[in-house]
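The structure appears below as C-alpha cells.
Throughout, read-outs are computed from the coordinates displayed, never taken from laboratory work. Please read all numbers here as calculations on a predicted model, not as lab measurements. We place every Cβ from the backbone using ideal geometry, glycine too, and count neighbours over all the protein chains shown.
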Amino acid sequence: MRSPKPEGTGRHLGLEEYLADFDRYFWDCGPAGFWKLERQQHFQEPGVASWEAFRRGDWDESLALIERQRGHYETYFRRIAEHGFALHRVRCVEEPVSPYLQWELHLLRLKAVIGEDTRVLDGNATRSYEGGGELPEIIVLGSTVMYEIVYDRTGKLAGGVRFSDPREISRCRLAIQEMHRLGEPLREYFDRRIATLPPPRAADHPD
C-alpha cells in the first residue's frame, strides 16, 4: 500500500498565510481535482453555527442549521463544476463514532448529496496505512500544491505545511485515491451506521 504521508520538508504557514495560500490555488485544481484525507476524530470549529449549536447540546438546532446551508453549497459546488474540477474526500472513521464525527458526518452527507465525492474508510483499513504513525490531515490541490494541515492541541485549525514537489504531490494523491477506492460511499455508510444514532452528548466532546 502507498503511504499518503508527505515526505521531505515543506514550508510552514501560519493560519492567515495558509488560508490566503489555499484560496490562491483552490480554484485552479484542474482535472486532477481536489483530494482530502481526514484522519482525526475530534476537531473544534468555532464560528460554525451548526457546530456551536452541537456544542451547546442543541442537536435539533444543529441539524437545522446544517440544512440551511443547502443553498450555499449548491452555489458552491456549481461554481466548482464550472471551474472544471471535483472534490474528493476520504473520511477515516473509528467506531464507536465520536460526538464530533457524528455531527460532521451529517454535514458531509449534505455535501455528498449536492456534489462532493466522499468515501468512508474504517479504522482497520486506515491503520493498515499507518506503519509510521497516525496519518496527518492532507489536502492535494490538483498537481500544483499539497498541504499537511496543522491543528493546535485542542483541535483548532492553526495553519499548514505546503509542499510543491510534483513527484511528492503525485505520490500522495495516488495514495489517497487508493484509500478512496477502498472506502464505502458516504451516503451508504451514513444510512447504515449514522442515521439512526441517538443525539450525541456534547459533554463527551473533548475541549
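Evaluate the following for Glu7: is it within 23 Å of Arg173 (Cβ to Cβ) and in contact with a helix residue (DSSP H, G or I) (Cβ under 7 Å, 6 or more places away or on another chain)? Yes.
Restricting to segment 1-45, name every residue that is among the aliphatic types (A, V, I, L, M) and outside any strand (DSSP E or B). Residues satisfying the conditions are Met1, Leu15, Leu19, Ala20, Ala32.
Take the residues in segment 46-65 that are outside any helix (DSSP H, G or I) and without any contact (Cβ under 8 Å) to a residue 12 or more places away in the chain; name whichever of them is nearest to Leu121 (Cα to Cα). Restricting to residues being outside any helix (DSSP H, G or I) and without any contact (Cβ under 8 Å) to a residue 12 or more places away in the chain, the top hit is Val48.
Each row is one residue, and each column tells you yes or no for (1) hydroxyl-bearing (Ser, Thr, Tyr); (2) within 21 Å of Gln41 (Cβ to Cβ).
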site: Thr144; (1), (2): yes, no
site: Leu174; (1), (2): no, no
site: Gly183; (1), (2): no, yes
site: Pro199; (1), (2): no, yes
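Once segment 72-113 is narrowed to residues that are without any contact (Cβ under 8 Å) to a residue 60 or more places away in the chain and of a type in the set (Ser, Thr, Tyr), the residue that is farthest from Leu186 (Cα to Cα) is Thr75. The residues of segment 164-202 that are among the hydrophobic types (A, V, I, L, M, F, W, C) and over 18 Å from the mean Cα position of the chain (by Cα), listed by number, are Ala195, Leu197, Ala202.
For (1) at positive phi; (2) surrounded by 18 or more Cβ atoms within 10 Å (Cβ to Cβ); (3) under 17 Å from the mean Cα position of the chain (by Cα), each residue gets a yes or a no:
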residue: Leu19; (1), (2), (3): no, no, yes
residue: Phe22; (1), (2), (3): no, no, yes
residue: Asp28; (1), (2), (3): no, no, no
residue: Lys36; (1), (2), (3): no, yes, yes
residue: Gln40; (1), (2), (3): no, no, yes
residue: Phe43; (1), (2), (3): no, yes, yes
residue: Glu52; (1), (2), (3): no, no, no
residue: Glu61; (1), (2), (3): no, no, no
residue: Arg70; (1), (2), (3): no, no, no
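Let's see how each residue does on (1) within 17 Å of Met179 (Cα to Cα); (2) touching a helix residue (DSSP H, G or I) at 6+ places or on another chain (Cβ under 9 Å); (3) of a type in the set (Phe, Trp, Tyr); (4) surrounded by fewer than 20 Cβ atoms within 10 Å (Cβ to Cβ):
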residue: Leu105; (1), (2), (3), (4): no, yes, no, no
residue: Leu108; (1), (2), (3), (4): no, yes, no, no
residue: Ile114; (1), (2), (3), (4): no, yes, no, yes
residue: Gly123; (1), (2), (3), (4): yes, no, no, yes
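Please count how many residues of segment 62-94 are within 19 Å of Pro136 (Cα to Cα) and out of contact with any strand residue (DSSP E or B) (no Cβ under 7 Å at 6 or more places or on another chain). Number of matching residues: 1. Looking only at residues in segment 108-126 that are closer than 20 Å to Ser62 by Cβ and not in a helix (DSSP H, G or I), which one is nearest to the chain's Cα centre (by Cα)? So, considering only residues that are closer than 20 Å to Ser62 by Cβ and not in a helix (DSSP H, G or I), the one nearest to the chain's Cα centre (by Cα) is Thr118.
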